[in-house]
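Report on the following structure.
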Amino acid sequence: MNHSNFSSESDLPDHSSESNRSNDYPDLIDDIDRDTEAMGWNQLSSLGNRAIELGLIIGHGFYKGQYEILKPGEPILMSPDAALLYLQKLIQEAK
């Protein structure tokens, strides 16, 4: 049996480091990053809407690069990650 069509391991591209992977597939990495970010925003929006439905807040959304949660008389600005955790805890405590 002739195995001459198989490449040696040294002929294969080195994909052992993160930098090599992102250089090989920059568009794919960007797409994944965008999709992941969008999923976070969708979850944040859904949680904010749920908190409104439960009467826990009166509004939410992005404002000046931060995420704003409006409680009666108390606007709160925080990072999107902190807002996600805040809304999860707020909804959980209301149950």
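A single member of Gly61, Gly73, Gly40 is on the phi > 0 side of the Ramachandran plot and at pLDDT below 90, and it is Gly73. Within the stretch 61-93, if we keep just the residues that are within 12 Å of Leu44 (Cα to Cα) and polar (S, T, N, Q), the residue that is nearest to the chain's Cα centre (by Cα) turns out to be Ser79. Given the condition loosely packed, with under 13 Cβ neighbours inside 10 Å and modelled with pLDDT under 85, answer yes or no: does some residue in the stretch 82-94 qualify? So far as the stretch 82-94 goes, no, none of its residues is loosely packed, with under 13 Cβ neighbours inside 10 Å and modelled with pLDDT under 85.
The values are calculated or read from the model by the stated rules, or taken from the named source; none is laboratory data. Source: prediction; values computed, not measured. Cβ atoms come from the backbone with ideal geometry, glycine included; neighbour counts cover every protein chain shown.
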